[in-house]
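Note sheet for the following structure.
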Amino acid sequence: MRIDIVTIFPEFFSVLDLSLLGRARQSGLIEVATHDLRDHTHDRHRTVDDTPYGGGAGMVMKPEPWGEALDEIVGDGASEALLVVPSPAGEPFTQAIARELAAEKHLVFACGRYEGIDQRVVDHYGERMRVRLVSLGDYVLNGGEVAVMAMIEAAGRLVPGVVGNPESLVEESHEDGLLEYPSYTKPASWRGLDVPSVLLSGNHGAIAAWRHEQQVERTRRVRPELLEG
Ligand code: 6GU
């Protein structure tokens with residue numbers, strides 16, 4: 001998988017060198033390139049934003065640097081790539097979307113700052129390629145960078161080969177529509193708290209039943225809306 005990220009803070013993504021995704025990059029499973037939007041400005045101040053037409057607070061990102069940067073990445077014709085624009089006005093990011101992103105050959109992330117990117121950027125590229133506006137949740141971030149980091153981590157670990165033991169992907173929160181069951185390791189007793197005895201029983205049927213029960217109970221308690229579907 002190839003990932004291109006356009007941002008005014010390329011250094012922000014240096015943490016992608018670390019851990020699981022860092023290893024996936026070293027082994028060539030995932031190729032990541034960051035692009036500084038300001039490299040596509042042509043004024044002395046490297047301006048990427050301007051005041052909004054119609055008035056109002058905040059600044060809007062100008063379309064021209066985005067056009068230059070994205071043309072350079074996807075070419076100026078139709079593109080097979082998927083353009084992902086993080087936006088609080090987008091569709092909510094879910095495990096299902098992470099799976100869809102993980103199946104793509106080429107992802108391009110356009111990180112907006114300020115009050116967002118001139119709408120014509122999305123409209124223009126929407127005529128040449130698939131574009132998705134995706135939100136991390138119902139709260140406001142200063143820019144798309146943190147959201148893109150979350151999306152890359154969630155999707156990247158689903159790319160075949162990135163997580164060593166693919167079975168560990170199956171028994172996780174959200175993979176079966178439920179929250180995950182509580183986990184325990186040694187010692188069997190810690191500060192007066194004992195590991196549930198069923199987990200020490202060696203009875204795999206009973207353990208599976210207990211874990212499922214815990215999943216349903218947890219989900220009913222904190223995320224009842226997940227049980228409706
Ligand atoms: Cl994707 N971007 C910004 N700026 N704020 C957000 C978000 C994205 N998702 C939730 N809040």
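Values quoted throughout were computed directly from the atomic coordinates according to the rules given, and no laboratory measurement underlies them. Model, not experiment: these values are computed from the prediction. Here the Cβ is made from the backbone with ideal geometry for all residues, glycine too, and neighbour counts use every protein chain on show.
Using every Cα-Cα pair within segment 2-166, state what percent have a distance larger than 27 Å.
In whole percent, the long-distance tail amounts to 22.
Between 194, 76, 123, where does the largest GNM mean-square fluctuation fall for the chain, given springs only between Cα atoms within less than 10 Å?
Looking only at 194, 76, 123, the largest GNM fluctuation is found for 194.
In whole angstrom, and with the biggest value first, how far do the Cα coordinates of segment 171-226 range along each principal axis?
Principal-axis extents of segment 171-226 (Cα, largest first): 34, 26, 15 Å.
For the chain, with the dipole built from +1 on Lys and Arg beta-carbon atoms and -1 on Asp and Glu ones, taken about the Cα centre, which of 139, 158, 222 lies farthest toward the positive end?
Of the options given, the answer is 222.
Given a Förster distance of 22 Å, report the FRET efficiency between residue 45 and residue 72 from their Cβ-Cβ distance, rounded to the nearest 0.05.
Computed FRET efficiency for residue 45 and residue 72 comes out at 0.55.
Starting from 0.36 nm per residue, how many nanometres of slack lie between residue 53 and residue 133 once their C-alpha separation is accounted for?
Full-extension gain reported as 26.6 nm.
Please report the spacing between the Cα centers of segment 32-50 and segment 152-220 in Å, no decimals.
Segment 32-50 and segment 152-220 have Cα centres spaced 45 Å from each other.
Please report the relative contact order for segment 1-62, taking Cα pairs under 8 Å with a sequence separation of at least 6, and give it as a percent rounded to a whole number. Each step should come with its number before you reach the end.
Working: 64 pairs, mean separation 19.2, N = 62.
Computed over segment 1-62, the figure is 31 percent.
Please give me, ordered by residue number, the trypsin sites (Lys or Arg not before Pro) of segment 135-229 that lie in loop per DSSP and have at most 14 other Cβ atoms within 10 Å. Present the calculation step by step, with values, prior to reporting the outcome.
Values: sites: 157, 191, 211, 218, 220, 221; in loops: 157, 191.
Passing sites in segment 135-229 are 191.
Which FRET efficiency, nearest 0.05, do residue 172 and residue 18 yield, Cβ-Cβ r, R0 30 Å?
0.90
Tell me, what is the FRET efficiency for residue 209 and residue 165 to the nearest 0.05, using R0 = 22 angstrom and their Cβ-Cβ distance as r?
0.40
I need the chymotrypsin sites (Phe, Trp or Tyr not before Pro) found in segment 32-103, filtered to DSSP loop residues with at most 10 other beta carbons within 10 Å of theirs.
Listed in order of number, the matching sites are 53.
Compute, for the chain, the length of the dipole vector about the Cα centre, with Cβ point charges of +1 (Lys, Arg) and -1 (Asp, Glu) only. Units Debye, rounded to 20.
Computed charge dipole of the chain: roughly 720 debye.
Using a/c under 1.5 as the rounded threshold, could you call segment 48-133 rounded, prolate or oblate? The axes a ≥ b ≥ c are square roots of the C-alpha gyration tensor eigenvalues, and prolate needs a/b larger than b/c, oblate otherwise.
Since a/c reaches 1.5 but b/c is at least a/b, the shape of segment 48-133 is classed as oblate.
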